[in-house]
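To start, the structure under review is shown below, and the notes come after it.
The values are calculated or read from the model by the stated rules, or taken from the named source; none is laboratory data. As the structure is a prediction and not an experimental result, all values here were calculated from the model. Heads up, the Cβs are rebuilt from the backbone with ideal geometry, glycines too, and the neighbour counts pull from every protein chain shown.
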Amino acid sequence: MAGQGRQAGPRATLFLGMLTNGVGMIVLAVAMSTGTSFWGLVPGLVIWGVGGGVAFPAMFACAASGVAPQEAGAASALATASQQIGGAAGLALLVAVATAGLATGSGAAPAVSDMAEGLRTAMWRRSP
């Protein structure tokens, strides 16, 4: 029949979305340095955003599949809460790693190069 192509299932869609998220984060980590302008970070941010746009709807569709209609709201709430808790815990870990080596005892703001080095460490990237 015309117009009917093969559709990807939720597992393939989630995999593709999360893979695209990972590629976006790698592109962002590679571009991150003290001399990079905002426009140098845009490709990684766009790729990361496209990955999220593919992965998150598939995640919520999977969370609601196989659930009784009267429990769909609870399943969606559980998926949302899990996403938010995971994001908050992941961000807390990255911030802890990124700021671990900063000398903050003097009350002065840390040097930009020290912050950039901490971000590189958090993204598992070596200094240039």
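Of note:
- Qualifying residue in region 65-80 (condition: at pLDDT 90 or above, at negative phi and of a type in the set (Asp, Glu)): yes
- Test: Arg11 is loosely packed, with under 12 Cβ neighbours inside 10 Å, in a helix (DSSP H, G or I) and without any contact (Cβ under 8 Å) to a residue 60 or more places away in the chain: yes
- Matching option when the condition is among the hydrophobic types (A, V, I, L, M, F, W, C) and surrounded by 15 or more Cβ atoms within 10 Å (Cβ to Cβ), among Ala63, Ala92: Ala63
- So Ala98, is it exposed (fewer than 15 other Cβ atoms within 10 Å of the Cβ), assigned to a helix (DSSP H, G or I) and modelled with pLDDT under 90: no
- Meets criteria (more than 27 Å from Gly118 (Cα to Cα) and either aromatic (Phe, Trp, Tyr) or at pLDDT 90 or above (or both)) for Phe60: yes
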